[in-house]
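Below is one structure, written out as structure tokens; the observations come after it.
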Amino acid sequence: MCCWCSCLECIHNIPPLNLLFLHFSDPAALPAGEGASGPVSMASISVPNPVPPATEDAENIRKAVQGWGTDEKALIEILGHRTAAQRAEIAMAYEGLYNETLLDRLHSELSGDFRVSKSPTTGGPSDLFVAGDVSCQSAMMLWTMDPAARDAKLAHKALKKKGDRHVWVLIEVACASSPDHLVAVRKAYRAAYSASLEEDVAACQLYSDPLRNFLVRLVTAYRYSGELVDGELATAEAAELHGAVVAGKQLLQVGDVVRILGSRSKPQLRATFERFRQEYGMAFDDVLEERRSDQLAAMLKTAVWCLVSPEKHFAEVTRSSIVGLGTDEESLTRAIVSRAEIDMQKVKEEYKVMYRKTVTSDVNGDTSDYYNGILLTLVGPE
């Protein structure tokens, strides 16, 4: 049994490729910094120039999964150096050539605790169990998926588990990407699970109000994506935020905080938080940090970071998944896979500032084998 999914049913419930990859055919649908269309790419993956044809990549993947064991190194070399649009083309080419989906094949080849793996040095069979194989499979499967379908799956899993780390997933999906991406996630969720994301969040018994209402507000939002900012509104709402979290009011009873964070554009929120800092001498997220014993305050801070400085949030997720006893491989995989094409360069820079270490050194110290290989491929050089 694999760790990213309990059965093949979830794979077969994923919408058709032409639906899932539609939003990648329009560069305007990509979040800022994602892909190569923006003026400055903050993505960390490297892509060969020229890129091999999708059919050639599909054929090489077929070679990697045929015969005695699976050549994970070859799979990482191909899929780990392709953009989402290129991976979509490979998946369609593979299905056309071999009459099976690429995700089905990868799931079959990379699953199982007792499969035989090819040695990374000799190419021959290695031990029957390689540490980190299941984590490698999870990372490879999530990376190969369409990003909207991936986030839909992550959100669906998060709704079945209790704890702040799982609430983080819903906030990331709703706040850390573009409004168009959230729409694509909601469409993929509805197609895969025959339910709407917002309905499932609203019905989730693991959360109580007002946190649940806040999450519903986030996943149903469609924010203005332009750069216009209303200075007077920023001043007024900075005062509202101050009154809600500083001037003696109980945070749990203040709906204006949820309204502002759940509806305003990211540039507008940046202006509001800057006005808050100027007027009151302290950053709004620092105020929330002082009250993080209150779960809603902690999740509000997570939303603030995901909305206006997601690199801080994902640096924190990466670090917290590594420190302490054991590794939270699920969180580590999610952080790296989800940001590699968006802003991993900024995450790495922020990580150095926050922790005086590099993502690469910490990943090297806490992972091994092919799991280490796929993560470092996506993190890129430092």
How much FRET efficiency would the formula 1/(1 + (r/R0)^6) give for Asp164 and Ala239, where r is the Cβ-Cβ distance and R0 is 35 Å, rounded to 0.05? 0.75
Any chance you could look up the accessible area of Lys346 with a 1.4 Å probe, heavy atoms only, rounded to 10 Å²? 80 Å²
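Only Cα pairs under 8 Å and at least 6 apart count here; give the relative contact order of region 54-111 as a rounded whole percent. Could you put the intermediate results ahead of the total?
Numbers: 38 pairs, mean separation 22.6, N = 58.
Averaging sequence separation for qualifying contacts and normalising by length gives 39 percent for region 54-111.
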Which residues qualify? For Thr70, with a placed amide H closer than 5 Å and at least 5 residues away or on another chain, they are Lys118
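Once you keep just the Cα pairs under 8 angstrom separated by 6 or more residues, what percentage relative contact order results for region 310-379? Walk me through the intermediate numbers first.
Working: 58 pairs, mean separation 24.2, N = 70.
So the answer I get is 35 percent.
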Quick one: give the max-minus-min coordinate of the C-alpha atoms of region 147-220 along each principal axis, largest first, in Å. 27, 24, 18
May I ask you to list the lysines whose Cα is less than 29 Å away from that of Lys153, ignoring any residue fewer than eight positions away on the same chain? Lys63, Lys73, Lys161, Lys162, Lys187, Lys266, Lys301, Lys312, Lys346, Lys348
Taking the reciprocal of mean 1/r across every pair of different Cα atoms in region 198-279, the Kirkwood radius in Å is 13.7 Å
Residue-normalised value, i.e. accessible area per residue, for region 269-382 at 1.4 Å probe, in Å², stands at 39 Å²
Please express the shape of region 291-382 as an equivalent ellipsoid: the semi-axes are the square roots of 5 times the eigenvalues of the C-alpha gyration tensor, given largest first in whole angstrom. 23, 15, 12
In region 44-100, taking the dipole from +1 charges on Lys and Arg beta carbons and -1 charges on Asp and Glu beta carbons about the Cα centre, the listed residue (Ala85, Tyr98, Ala54) farthest towards the positive end is Ala85
With just the Cα atoms defining each centre, how far is region 199-220 from region 268-342? Give it in Å. 19 Å
Find how many whole Å separate the alpha carbon centroid of region 148-183 from the alpha carbon centroid of region 365-382. 24 Å
Region 233-333: C-alpha gyration tensor shape, a/c 1.5 cut-off, then a/b vs b/c: prolate
Estimated dipole of region 310-379 in Debye, rounded to 20 [Cβ of Lys and Arg +1, of Asp and Glu -1, Cα centre]: 280 debye
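The values are calculated or read from the model by the stated rules, or taken from the named source; none is laboratory data. Since the model is a prediction, treat every value here as computed from it, not as a measurement. Virtual Cβ from ideal backbone geometry, glycine too; neighbours counted across all protein chains shown. SASA here: full protein model, heavy atoms, side chains in, ligands and nucleic acids out. Shrake-Rupley method; radii C 1.70, N 1.55, O 1.52, S 1.80 Å.
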